[in-house]
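Following: one structure in structure tokens, then a few remarks.
What follows draws every value from the coordinates through simple rules; no lab data is involved. These numbers were taken from a predicted model, which means no experiment stands behind them. Glycine gets a Cβ as well: all are built from the backbone with ideal geometry, and neighbour counts include every protein chain shown.
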């Protein structure tokens, strides 16, 4: 039937828990049982589907990097089979100028959003702080204007005194 094709494997959830890697390379049962689609991508070669009576696995021992490529291949295949339901313009804007892996990872992780109450509290604290700073700067400006006014008065008196002598 349509589900018996050796080139199809069941969709994989990208949120599936990743098992911890074993200290020694072990044969991957999932590659042998899932069919050739994901295994071919991970191994970089075409792998025939195992025969029903096969006694030895066709999958070679996988190194840690092979397992990582296998996991990446599973994610790519699952993403291709289940594309996002909608486009995220905010994410697109954040990813637009990302050139390094670190920039891509930073852009892909949504910024932390504060709860509304905490956000309002921070805003009110920031507003109070800004108002205090404005008051301080206005007082400083007034004080400076007063000092300049006194200085100008002294200069005028000095000029008048010099002219008289």
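Ordered by the count of other Cβ atoms within 10 Å of each Cβ, fewest first, 78, 65 give 65, 78. Taken along the Cα-to-beta-carbon direction at a fixed 7 Å, the label points for residue 100 and residue 137 span 3.4 nm.
When 72, 101 are sorted by how many other C-beta atoms sit within 10 angstrom of their C-beta, beginning with the fewest, the order is 101, 72. The length gained by stretching the chain between residue 125 and residue 92 to full extension, at 0.36 nm per residue less their Cα-Cα distance, is 8.6 nm. Within the range 112-165, the ratio Rg/Rh, alpha carbon atoms throughout and Rh by Kirkwood, equals 1.55.
Arranged from fewest to most other beta-carbon atoms within 10 Å of their beta carbon, 161, 69 become 161, 69.
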